[in-house]
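First up is the structure itself, then whatever we jot down about it.
The values are calculated or read from the model by the stated rules, or taken from the named source; none is laboratory data. The shown structure was predicted, so the numbers you read here are calculated from the model rather than taken from an experiment. Virtual Cβ from ideal backbone geometry, glycine too; neighbours counted across all protein chains shown.
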Amino acid sequence: MPVSKRNNTHLKRTGISSLLFVLTFLIVLTGCGSSGDETSSKAQAAGNSGGENGQQTKVKLNIADISSNPVLRVAVNQGLFEKHGIDAKLVTFATPAEGINSLFIKQADVAWGADFPILNAVSKGEFAIIASTGTSTDLSAQQWKLFVRDDIKRPEDLKGKNLSFMRGTFITYLWDEYLSEYGLKPDDAKLIGQGGFDEAYIALKKGEVDAVWATGAVMVEKFAAIEGVHQLTDMSQTKVRIGSQIVAPESLIKEHPEAVSGFLSALDESSAFIKENPEKVADILYKEVKQPREATLKDLSVVNWNIDFDQAALDSLSRQKKYMVENGIIQQDFELEDKIKLDALREILPDRVTITP
């Protein structure tokens, strides 16, 4: 059937209108898609750069600690980590050595402790030392007291006795050095491992061990009160001096150098706060961990940190590493300087880095 001119014109107009509608719809749809992609890109960029308004994105860090250490707890309490772009969470352990071991299972991102567990960690994993706590002093050594049963009158009487040590800590090294000073060999006594001071306290009280090294005002008071026990000496009377270092995964150091710098800055500011506000610090520890105020005030002059890295720290690490390699504790030797990364410390506190390994 033939189509009239009028109908033909109508069909053309209808087709054009339909085509325009489809094109308009596609343009709108494409525009919406572009807007969504642009928003997604902006959000990703904001996450990478710290936000659209230039605000720094906080880096989350789980930090290993012990309940009696004031430095990290004050840094959290006073908002110092937050100030430096860190969302910090303290993970409390019985000993610093346990905290260091938690790095391997990613329970903590940063830890601190004596040279022995620090060196053990860096010898086995991709971790590095980022600073020293500056506590390798005679005064610090004096705080480590040796408590023994009353039948032990002199060091030689330790022969054949059960000696306590905290697993994963430097105490085995201390026992070896102390016994050798008095002509005894390590196998002249039996070492009994404990998980922490509370466990060692119970063991000494029950007679399961005969001697324990302990530190901290609260613990020293507890051990001194055990019937039939007395203090024989302290570590300052030995040749052992133990450094304390801060350790972090090498991936954190490489991928988030600003977080490492911020972390160390917060610690330095916390140490300054502790020095200037001992009474407030005592209140903080009593409120958060129920540590007696008197005990905190007594410990502060010793346990407060001075973030640095100097010759004493390097010497302490070198001596301890030599002992651990020679005794098979570190099975695979390594270059110590490869495991010390001080760029962040040097950036924020250049005068505190007085030696380059």
When residues of the stretch 200-217 are limited to those that are within 27 Å of the chain's Cα centre (by Cα) and at pLDDT 95 or above, the one nearest to residue 238 (Cα to Cα)
213
For the stretch 278-309, name all the residues that are modelled with pLDDT under 95 and acidic (Asp, Glu).
294, 299
Give the stretch 294-313 a look and list any residue that's out of contact with any strand residue (DSSP E or B) (no Cβ under 7 Å at 6 or more places or on another chain), surrounded by 21 or more Cβ atoms within 10 Å (Cβ to Cβ), of a type outside the set (Val, Ile, Thr) and in a helix (DSSP H, G or I), or say none.
299
With respect to residue 259, determine if the residue is small (Gly, Ala, Ser) and touching a residue at least 12 places away in the same chain (Cβ under 8 Å).
yes
The stretch 314-349, residues that are part of a helix (DSSP H, G or I), closer than 21 Å to residue 175 by Cα and either of a type outside the set (Phe, Trp, Tyr) or touching a Leu at 6+ places or on another chain (Cβ under 8 Å) (or both):
315, 316, 317, 318, 319, 320, 321, 322, 324, 325, 326
Can you tell me which residue among 246, 253 is under 17 Å from the mean Cα position of the chain (by Cα), modelled with pLDDT of 95 or more and not in a helix (DSSP H, G or I)?
246
Of the numbered conditions (1) closer than 20 Å to residue 112 by Cα; (2) part of a loop (DSSP other than H, G, I, E, B), residue 291 fails exactly one; give the number of that condition.
(1)
Of (1) in a helix (DSSP H, G or I); (2) surrounded by fewer than 16 Cβ atoms within 10 Å (Cβ to Cβ), residue 222 satisfies every one except (2)
Quick test of your reading of the structure: residue 114 fulfils all but one of (1) assigned by TED's automatic domain parsing to the domain that holds residue 336; (2) farther than 22 Å from residue 265 by Cα. Name the failing condition by number.
(2)
Confirm whether residue 339 is surrounded by 17 or more Cβ atoms within 10 Å (Cβ to Cβ), under 25 Å from residue 104 (Cα atoms) and within 21 Å of the chain's Cα centre (by Cα).
yes
Selection within the stretch 105-150 - small (Gly, Ala, Ser) and over 13 Å from the mean Cα position of the chain (by Cα)
123, 125, 134, 136, 140, 141
Filter the stretch 121-134 down to residues that are over 22 Å from residue 304 (Cα atoms) and either at pLDDT 95 or above or among the charged types (D, E, K, R) (or both), then give me how many there are.
7
